[in-house]
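A quick write-up on the structure given underneath.
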Amino acid sequence: MASSFLLLLLIFLSVYSFILLSESQKTSKPNRFVLQLQKDPKTKLFVTNIYKRTPSQKVPFVVDLNGRLLWVTCEKSYRSSTYHAPRCRSTQCSRADSHYCHICSTRDGPGCHNNTCGVMSMNPVTGLTAMSELAQDVLSIQSTQGSNPGPMVRVPQFLFTCAPSLLLQRGLPSTVQGVAGLGHSPISLPTQLASHFGSAGFAPTFALCLAPKGVMFFGDSPYYMLPNYYMEVISIKINDKDVLIDTALLSINKQGVGGTKLSTINPYTILHHPIFKAVTQFFSKELSAIPQVKPVAPFGACFNSKSFKNRRVGPGVPNIDLVLHDKHVMWRIYGANSFVEAAPGVSCLAFVDGGMKNNGASIIIGAYQMENNLVQFDMARSRLDFNSSLLFYKTSCNNFNFTVIP
């Protein structure tokens, strides 16, 4: 396992020319952190454990690539000697962009104090929101030198929200207690880590490597990542052939509608209906030699999986290319990320019809399409980098060695 992950690093370094051992790594101050990701089999959402409170307690969170903040339910079991709720109109409130004074008369304790900051928390699956109390407490995260986890490191006054338990009632795994937002906002998890450890040479970057047992990195090279998670797709190719679509849908209009974004909340890529129709019809035509079968919800094009030849990067199906801002720059989606086994003997094109109503992005790249691709976000430069499927190199995002080095 360790040798496979070392191969992953060597490939990544050769592609992006990053330096594995920077000068800042030689100091005693941590400048890189790591979290393990687990894919929930029922909801297809990614879950990570983060240590919070005093005494320290492991708390499971859903990871939301576009989330503004970290929220956790506090109504029943939140106990910590270091919990603090900043006063209304404090500098902490300003940082969290809070415009409300929180009033609570039902009880006294975490999540329920008067004259504190009120901030909206959201369930990213259902879209349900609730007013929550802005709070501070200890957060601990595991450091890493690059190939193994190291000692735990404390952030003493990490800002988050204490949210009501009703936000957990639908759409999220039953085991989680909140959501960890990674978005480009002042109190998201990566932004606060960069702010707290900035003097130690901590880079405002993070990286996702999604898999059933994946990994997430924060900090200095070679692990990087991006903010508000839109990317510029100018066309789509299948089998190196252009798919005829309305390119106006690929641009963000004055109302903020259109374009392409990434999401860890949507299990599969969602396409606005005209794009979905064009892609599925074109793909089916290119795969006409394989018998089609009755579609399995929520997919629109399904095939007899026994007719596919298996390759290192999944079923032998036409490649799908998302052509980016430059026609020479493409995100290539291979069979392992474009096809999913939806039922025994049935494999489906892993794209979902988003319908005709388009109030947001025309293309939402889901978590399945990001699996076993090292996707990197640089928050300071608003830059996204990615590699081809790691399966090409006989490794995967499952292969980080989580054996702790003291």
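The values are calculated or read from the model by the stated rules, or taken from the named source; none is laboratory data. Here the structure is a predicted model, which is why all the values come from computation and not from measurement. Glycine gets a Cβ as well: all are built from the backbone with ideal geometry, and neighbour counts include every protein chain shown. What goes into the accessible areas is simple: the full protein's heavy atoms, side chains included, and nothing from ligands, DNA or RNA. Shrake-Rupley method; radii C 1.70, N 1.55, O 1.52, S 1.80 Å.
Can you pull out the trypsin sites (Lys or Arg not before Pro) in segment 339-406 whose DSSP state is coil and whose Cβ has at most 10 other Cβ atoms within 10 Å?
Details: sites: LYS357, ARG381, ARG383, LYS394; in loops: LYS357, ARG381, LYS394.
Those satisfying the criteria are LYS357.
Going Cα to Cα from LYS309, which lysines come in below 20 Å? Please leave out same-chain ones fewer than 8 positions away.
LYS285, LYS394
What FRET efficiency would be calculated for the residue pair ALA297, LYS241, taking the C-beta separation as r and a Förster radius of 22 Å, to the nearest 0.05? Present the calculation step by step, with values, prior to reporting the outcome.
Numbers: r = 28 Å, r/R0 = 1.29.
So, using R0 = 22 Å, E works out to roughly 0.20.
How big is the Kirkwood radius of segment 32-219, worked out from every pair of different alpha carbons and given in Å to one decimal?
Values: mean 1/r = 0.0601 Å⁻¹.
That comes to 16.6 Å for segment 32-219.
Excluding same-chain residues fewer than 8 positions from LYS306, which lysines have a Cα within less than 16 Å of its Cα?
Output for LYS306: LYS294.
Towards the positive end of the charge dipole of segment 230-393, with charges on Cβ (+1 Lys, Arg; -1 Asp, Glu), say which of MET330, ASN387, ALA278 has the farthest Cα.
Value: ALA278.
Quote the charge dipole size of the chain about the Cα centre in Debye, to the nearest 20; the model charges only the Cβ of Lys and Arg (+1) and of Asp and Glu (-1). Each step should come with its number before you reach the end.
Working: 36 positive and 21 negative charges, 109 e Å.
Its charge dipole is roughly 520 debye.
Separation between the GLN157 and ASN49 pseudo-spin-labels, each 7 Å from Cα along Cα→Cβ, expressed in nm?
3.0 nm
What nm value, rounded to one decimal, do you get for the distance between THR126 and LYS254 when each label is placed 7 Å out toward the C-beta?
Here the modelled spin labels are 3.7 nm apart.
In the chain, carbon and sulfur make up what percent of the accessible area (probe 1.4 Å)? If you can, show how the numbers build up before the last one.
Values: 9560 of 17970 Å².
Using a 1.4 Å probe with all protein chains present, the chain comes out at 53 percent carbon and sulfur.
About the Cα centre, and with charges only on the beta carbon of Lys, Arg (+1) and Asp, Glu (-1), how big is the dipole of segment 230-393? Nearest 20 debye, please. Please report the intermediate quantities before stating the final value.
On the way: 16 positive and 12 negative charges, 46 e Å.
So the dipole magnitude of segment 230-393 works out to roughly 220 debye.
Starting at the first residue of segment 186-197, write each ³J(HN,Hα) from the Karplus equation 6.51 cos²θ - 1.76 cosθ + 1.60 with θ = phi - 60°, in whole Hz, x for Gly and Pro.
Per residue, the Karplus-derived 3J(HN,Hα) values read x, 10, 5, 4, x, 5, 5, 4, 5, 5, 6, 9 Hz.
Within the P(r) computed for the chain, what percentage of the Cα pairs occupies the region above 39 Å?
Values: 16747 of 82215 pairs.
That fraction is 20 percent.
How far apart, in nm, are the 7 Å Cα→Cβ label points at HIS84 and ASP353?
Result: 5.5 nm between the two label points.
Per-residue ellipticity at 222 nm for the chain, helices alone: DSSP H runs ≥ 4 residues times -39500 (n - 2.57), over residue total, nearest 500 deg cm²/dmol? Write out the running numbers ahead of the final one.
Details: 6 runs with 50 residues, N = 406.
Calculated mean residue ellipticity at 222 nm is -3500 deg cm²/dmol.
At a Förster distance of 51 Å, what's the computed FRET efficiency of SER56 paired with ARG383, Cβ-Cβ distance as r, to 0.05? Kindly include the intermediate steps, with their values, before the conclusion.
Working: r = 34 Å, r/R0 = 0.67.
Here the calculated transfer efficiency is 0.90.
How much accessible area per residue does segment 32-219 have, counting only protein heavy atoms and a probe of 1.4 Å, in square angstrom?
On the way: 7490 Å² over 188 residues.
I get 40 Å² per residue for segment 32-219.
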